[in-house]
Structures are given as C-alpha cells and as structure tokens.
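Participant: A single structure is presented below for examination.
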Amino acid sequence: MCKITKKFVFSEKDDGKRRLICRECRRETLHSIVYSYNERGSQDCDGGYSVDWDCKNQIIQCLGCETVSFRTISTCSEDMDYNDDGMYYPEAIKYYPGRSVGLKSIESDLLPYNIRKIYEETMLSIDNKQYILAGIGIRAIVETVCKDLDAKGSNLFDKINSLREMSIVTSEGANTLHKLRVLGNDAAHEVKAHNSQLLELAMEIIEHMLDGTYIIPSKVQHVFPKNG
Ligand SMILES: [Zn+2]
C-alpha cells in the first residue's frame, strides 16, 4: 500500500528580485517574492518505488504597479527532461490570476455591452491558456461587431464584405477579418486549439478594429460634443 508524506514550511521573505509577468503591466517587470509556503511530498509504493514532488506557493508583488498576485512553481520526479548538462526536472509555473505578455487591454468600458462581455471573456481565455475557447471568442467578436453595425448578408463572409462596402473597414481590414473568421471556424467545428502567438496576434487586430470603430469615436464625442 502506498504511503504519502507531506511537509510544509514557510520560507522567509526572499530579498532577491525576479523578473516575472505582471497582469496589470502586461509584460515582465521586477517583482519581489513577498512570501513562499513550500510543500515537499513523496509517495512510497510497494517495491521501493517512490514519487517525489516539490511545490512553492508564492505571494508576489510587482515593483512597478504594486499589484499583488500569486504563483506556484512545481517539479515532480516523474517529469524529467534532458539538456546539454544532462537530466533535469523542468519547473511548471502557474500564475493566479492567469496572464499573458504583450496584449494591452483596451478601454473596454467604452464598448457596447455585448461586445465588451465577449471581448473580456476572450481575453480571460487567452490569459488562462484556454485556446479553443479563445478561438471561438474571436469569431464571436467579429460576428457581434457585424451585427451591431448592421452589416448585410446571410453569412459572416458576406457580412464582412458588407463592412468593407460600407467603408467601416478597409480592404486590408476585411481580409484580416476573413482570416479571423476562418480561425473561429476551425476552433468551433474542428475543436482545434490555436497557438498562443496566433491568438495574441488575432486579438491585436481585433483591438485595433474596436479602437477605431468604438473607442476613439466615443472619446471624440466626449471631447467634441455635437452642438444642440
Ligand atoms: Zn505591474
């Protein structure tokens, strides 16, 4: 019968600074490790076989925006890899809340409510590496924008072309929207997970479109209100 043993220890404040991903700054910034609660465990099985693991549970703080969050760093004797120096145990690092580098969050409170909800959930999917849902979300944003702008046509292909004819998007913009349409098709119908680089690029394009269609016009309206 297997016997599991675990030991937990608090680690003193780590004075070293680390470059970690900040959810608010959306890039790597200097962080301090505020506290670490470390678990070390092992499971001894019949035949002298054992599995060992190690997990650091850390409270971290960005030294730029001062946001506090959480990360875990774990290794397991069952997960090993090799490099030029020989065998090693790769660290699995998870952040809570999830986050991604590079994507800037737009001022989503200036978007129409239904577009804002889909946009925010799609961003959450990317931050938490839910890439199938993110692909479906990207297509849903394109569809909802077409509906909101009253694009004509019975399918998304025609509606995107209608946006171009209405001069809401340029020819290049329409071509890009068609690429996103296919991206969402693949995710929805073939349950295909896209890689994070492709999805982050797709979101950058979506943000550019939302910025030009809703956010900048809303700011212009605020700064230069219509007379009467
Ligand atoms: Zn920060």
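Participant: Would you tell me the accessible area of Glu172, worked out with a 1.4 angstrom probe on the heavy atoms of the protein chains, in Å² to the nearest 10?
Facilitator: Approximately 130 Å² of Glu172 is accessible to the 1.4 Å probe.
Participant: What net charge is computed for the residues neighbouring Tyr96, neighbours being all others with C-beta under 11 Å from the C-beta of Tyr96, Lys and Arg scored +1, Asp and Glu -1?
Facilitator: +3
Participant: Output the 0 to 90 degree angle, nearest 10, between the alpha-carbon long axis of helix 171-189 and the longest principal axis computed from the alpha carbons of the chain.
Facilitator: Approximately 50 degrees, to the nearest 10.
Participant: Describe numerically, in nm with one decimal, the distance between label points set 7 Å from Cα along Cα→Cβ at Glu204 and at Lys104.
Facilitator: Distance between the two pseudo-spin positions: 1.2 nm.
Participant: Right, something else. Just reorder Leu149, Leu156 by solvent-accessible area, largest first, 1.4 Å probe, all chains present.
Facilitator: My answer, sorted largest first, is Leu149, Leu156.
Participant: Tell me what the chain gives for mean residue ellipticity at 222 nm when only DSSP H runs of n ≥ 4 count, each as -39,500 (n - 2.57), the sum divided by the residue total, rounded to 500 deg cm²/dmol.
Facilitator: On the way: 6 runs with 85 residues, N = 228.
Estimated from H runs of four or more residues: -12000 deg cm²/dmol.
Participant: Here is a follow-up. I want the local charge near Met87. Using Cβ-Cβ distances under 12 Å, sum +1 for each Lys or Arg and -1 for each Asp or Glu among the other residues. Walk me through the numbers before you get to the answer.
Facilitator: Numbers: positive: none; negative: Asp79, Asp81, Asp84, Asp85.
Computed value for this residue: -4.
Participant: Which lysines have a Cα less than 24 Å from the Cα of Lys117, not counting those fewer than 8 places away in the same chain?
Facilitator: Of all the lysines, those that pass the test against Lys117 - Cα under 24 Å, at least 8 places apart if same chain - are Lys104, Lys129, Lys147, Lys152, Lys159, Lys179, Lys192, Lys219.
Participant: Would you check the accessible area of Arg164, probe 1.4 Å, heavy atoms only, in square angstrom rounded to 10?
Facilitator: Arg164 exposes around 90 Å² with every protein chain in place.
Participant: Can you give me the accessible area per residue for the chain, using a 1.4 Å probe, in Å²?
Facilitator: On a per-residue basis, 62 Å².
Participant: Still on this model: Would you pull out the residues with amide H under 5 Å of His31's amide H, same chain only if 5 or more places away, H placed 1.01 Å from N?
Facilitator: Here Arg18, Arg19, Leu20, Leu63 satisfy the definition.
Participant: Below 14 angstrom from the Cβ of Leu210, what's the summed charge of the other residues (Lys, Arg +1; Asp, Glu -1)?
Facilitator: With Lys, Arg at +1 and Asp, Glu at -1, the net is -4.
Participant: Applying the Karplus parametrisation 6.51 cos²θ - 1.76 cosθ + 1.60 with θ = phi - 60° to the phi angles of region 56-64, what ³J(HN,Hα) value in whole Hz is obtained for each residue in order, glycine and proline being reported as x?
Facilitator: Residue by residue, region 56-64 yields 9, 9, 10, 8, 10, 9, 5, 7, x Hz.
Participant: Additional query: Would you work out what percent of the accessible area of the chain, with all protein chains in place, is carbon or sulfur (probe 1.4 Å)?
Facilitator: Looking at the chain in its full context, I get 52 percent from C and S.
Participant: On the full set of protein chains, 1.4 Å probe, figure out the accessible area of Lys7 and give it in Å² to the nearest 10.
Facilitator: 130
The values are calculated or read from the model by the stated rules, or taken from the named source; none is laboratory data. Quick caveat: nothing in here was measured; it's all calculated off a predicted structure. Quick reminder, even Gly has a Cβ in these numbers, built from the backbone with ideal geometry, and neighbours come from all protein chains shown. Surface accessibility is based on the protein's heavy atoms, side chains included, excluding ligands, DNA and RNA. Shrake-Rupley method; radii C 1.70, N 1.55, O 1.52, S 1.80 Å.
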